[in-house]
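Here, each number is a calculation from the coordinates, and none is a lab measurement. What you are looking at is a predicted structure, and each value in this text was computed from that prediction instead of being measured. Here the Cβ positions follow ideal geometry from the backbone for every residue, glycine too, while neighbour counts run over all protein chains shown.
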Amino acid sequence: MWKYLIEKEFRQFFRDPMLPRIVIVFPLLMMLVFPFAANMEVKNINLVVVDNDRTDISAELIEKCTGSGYFRLKAVCSDPREAQEMMDRNTVDAILTIGQGFSLGIVTGEDFPVGIKVNTVNGTKGSIGSQYLSDCIMLFMKQFAGDGSSSPQTASGPVIDTAPKYYYNPYMDYKVFMVPALMVIAVTMVTGFFPALNIVGEKEAGTIEQMNVSPVSKTAFIVCKMIPYWVITFFMLGMCLLIAWLVFGYVCRGSLWGVVLFTVLHIMVTAGLGLLISSYSENAQQAMFIMMFFVLIFMLMSGVFTPVSSMPAWARAITYANPLRYYADAMRAIFLKGSSVADLWYDAAGLLAIGVTVLFWAVRSYRKTS
């Protein structure tokens, strides 16, 4: 009986010519387009410099900033009002002000007048641009002192130098951080929406009545509807891993069996949720809207785009009921850090608890009689 039910589900899937194409095209677009589009790296920041020092050292600082590749020098002026007018017209994103006495302060080790002003209409671009500009100034000071500067500040005593070291993403490439997250999103979208349209599709076609009058148990009916999506999802996940290796050169640092285990647990949650929604929905449009509601909330509160630690306490408490939080955390840890399943037992426990609850609810909610 199980064999024929599974065969029926595969036949039903491949009968629609659009669904197999979506399974192939969707991960290709996710892995080849989104890592470049969903990028927090900010470049081409328009910079205007107010240089009141007009010395070789101030010119070196300007060259240091523009040579970093993140800034485009729009103008060098002496009037702060002119620079502010350019920012008000939205033609520049940042203003670097170099006051008189800058070169003397650098040489003697005394305070030197440097100001940074950024346009924060785009908050992300403004904050990141300010950090880039600050880093350029600090790096210039460090290199200038290392070139033989005899400033009293460096000669008076030891200086504590702190420098961060990034173990899992040494070049701070945002694509490294986003590739496993995009795999998580692709798996969630496919395993969530396809099952949500499954039972309701049979309702609209009228074939659900034949299943209701058959001796098939509700458990067998629900489980057999999930098995094809496990096969489809692993095919799609294999495509994503292959693209990550061939196109970006990223390989999974951990065990692929760990990826398989957490993917199975996540499919159990999302496919079970899709079937649960399909049982309560009367038509495909209703199922799509309800599933979209849950998927958007899951993604926005999962830590895929913004870290969970930066959320307020009440929001962090809500994320414990979000299966995507556990799956995204596990995938990033396995893919980037090489963590084992034993290291991520809490993620596995969370997915297992939510998956068993959703599947039990899906089986109980399916009614063979109207």
Item to check | Pairwise label distance in nanometres, residue 79 with residue 317, each label 7 Å out on the Cα-Cβ vector | outcome: 5.7
Checklist entry - Stretched out fully, how many nm does the piece from residue 22 to residue 284 gain, at 0.36 nm a residue minus the Cα gap? => result 92.6 nm
Checklist outcome for this item: Of 330-337, 66-73, 269-276, ordering from highest average Cβ density within 10 Å down gives 269-276, 330-337, 66-73
Next on the checklist: Need one number: nm distance between label points at residue 300 and residue 169, each 7 Å from Cα along Cα→Cβ, rounded to one decimal.
Outcome noted: 2.2
Checklist entry - Taking amide H positions as placed 1.01 Å from N in the peptide plane, with prolines and chain starts having none, which residues 5 or more places from residue 72, or on another chain, fall under 5 Å of its amide H? => result 45, 46, 47
Next on the checklist: Explain nothing, just compute: Karplus ³J(HN,Hα) = 6.51 cos²θ - 1.76 cosθ + 1.60, θ = phi - 60°, for every residue of the range 341-348 in order, whole Hz, x for Gly and Pro.
Outcome noted: 5, 5, 5, 10, 4, 5, 5, 5
Checklist entry - Once both labels are modelled 7 Å past Cα along the beta-carbon direction, what's the residue 3-residue 230 spacing in nm? => result 1.8
